[in-house]
Amino acid sequence: MVLLDLALQVEPQLDVFVVDTEVLFPETYALIERVERRYGIAVTRVRPQQSIAEQAEAHGDALWRRDPDACCELRKVEPLARYLRGFDAWLTAIRRDQSATREAIAEQAWDEQAQVLKVAPLAAWTDDDVWNYLREHDVPVNTLHFDGYPSIGCTHCTRRVAAGEHARAGRWSGFDKVECGIHVA
């Protein structure tokens with residue numbers, strides 16, 4: 001949300017999108033609507049080629065339980081790469097302090113999957129920097145952040161984080177997985 005707020009100050013006609021896996025939390029969909037009202041924009045929903053029912057027919061029910069990597073590929077990675085084909089670059093709010101797998105991210109790098117420049121202007125920001133900006137500028141956030149969800153993804157693969165756990169511990173709990181595939185080199 002910090003990146004969106006900053007970017008729209010520079011380019012009010014920015015193409016804003018969300019990868020809508022069709023299994024996001026209701027609070028996430030509510031945030032998208034709040035963002036559209038607050039900023040007077042239309043957020044493009046980038047969706048997978050298959051509905052959940054079609055995915056179940058093709059790959060079996062509850063793919064996220066059996067093969068979360070395949071599910072993320074179908075519902076996140078492929079739709080994003082397909083959508084970005086018409087662009088030269090995209091902005092992401094990924095930060096180095098979010099996890100060990102993100103510590104070395106560059107502020108600009110070639111995105112092999114999408115074949116565009118990936119720009120991470122907040123790469124050096126800390127969690128404190130983000131929350132200070134959000135408060136100072138009254139930027140809307142997903143209400144799940146106040147309910148034990150420091151990192152929010154799909155309903156099936158995200159849980160609350162217990163006290164003392166890493167912020168991303170609630171993602172793909174029980175699997176040896178820490179990234180959906182979008183931010184993997």
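Give the range 131-148 a look and list any residue that's in contact (Cβ under 8 Å) with a residue 40 or more places away in the chain and either open to solvent by less than 60 Å² (accessible area, probe 1.4 Å) or outside any loop (DSSP other than H, G, I, E, B) (or both), or say none. I'd like the intermediate steps shown before the answer.
First, pick out the residues of the range 131-148 that are in contact (Cβ under 8 Å) with a residue 40 or more places away in the chain: 133-134, 137, 139-144.
Those that are in contact (Cβ under 8 Å) with a residue 40 or more places away in the chain and either open to solvent by less than 60 Å² (accessible area, probe 1.4 Å) or outside any loop (DSSP other than H, G, I, E, B) (or both): Y133, L134, V139, P140, V141, N142, T143, L144.
Just give me the residues in the range 37-57 being of a type in the set (G, A, S) and within 19 Å of F17 (Cα to Cα), in sequence order. Can you show your working first?
Residues of the range 37-57 that are of a type in the set (G, A, S), as a first pass: 40, 42, 51, 53, 56.
Listed by number, the residues that qualify are G40, A42, S51.
Sort out which residues of the range 42-52 are aliphatic (A, V, I, L, M) and open to solvent by 70 Å² or more (accessible area, probe 1.4 Å), and write them in order of number. Give the derivation first.
Taking the range 42-52 first, the residues aliphatic (A, V, I, L, M) are 42-43, 46, 52.
Answer for the range 42-52, where residues must be aliphatic (A, V, I, L, M) and open to solvent by 70 Å² or more (accessible area, probe 1.4 Å): just A42.
Of everything in the range 112-130 that's in a strand (DSSP E or B) and modelled with pLDDT under 95, which residue is least open to solvent (accessible area, probe 1.4 Å)?
Our first condition is that a residue be in a strand (DSSP E or B); within the range 112-130, this holds for 116-119.
Going one step further and asking which of them are modelled with pLDDT under 95, we end up with 116, 118.
Values: V116: 2, K118: 35 Å².
Filtering the range 112-130 for residues that are in a strand (DSSP E or B) and modelled with pLDDT under 95, the one least open to solvent (accessible area, probe 1.4 Å) comes out as V116.
Name every residue in the range 149-177 that is open to solvent by 80 Å² or more (accessible area, probe 1.4 Å) and either at positive phi or touching a Ser or Thr at 6+ places or on another chain (Cβ under 9 Å) (or both), in order of residue number.
From the range 149-177, those open to solvent by 80 Å² or more (accessible area, probe 1.4 Å) are 156, 160, 163-164, 166, 174-176; that's our starting set.
G164, H166, G174 - these are the residues of the range 149-177 that are open to solvent by 80 Å² or more (accessible area, probe 1.4 Å) and either at positive phi or touching a Ser or Thr at 6+ places or on another chain (Cβ under 9 Å) (or both).
Need at least 2 residues that are open to solvent by 60 Å² or more (accessible area, probe 1.4 Å) per element, so show me which helices (runs of 4 or more DSSP H) inside the range 58-111 make the cut, counting only ones lying wholly within it.
63-66
Would you say Y39 is aromatic (F, W, Y), free of Cβ contacts under 8 Å to residues at least 24 places away in the same chain, within 20 Å of V139 (Cβ to Cβ) and surrounded by 12 or more Cβ atoms within 10 Å (Cβ to Cβ)?
no
Go through the range 5-32 and count every residue that is closer than 21 Å to L84 by Cβ, assigned to a helix (DSSP H, G or I) and open to solvent by less than 30 Å² (accessible area, probe 1.4 Å).
Count: 4.
The values are calculated or read from the model by the stated rules, or taken from the named source; none is laboratory data. Only a predicted model underlies this, so the values are computations on that prediction, with no experimental measurement involved. As a convention, Cβ positions derive from the backbone with ideal geometry for all residues, glycine included, and neighbour counts pool all protein chains shown. Remember, those area values only see protein heavy atoms, side chains included, never the ligands or the DNA or RNA. Shrake-Rupley method; radii C 1.70, N 1.55, O 1.52, S 1.80 Å.
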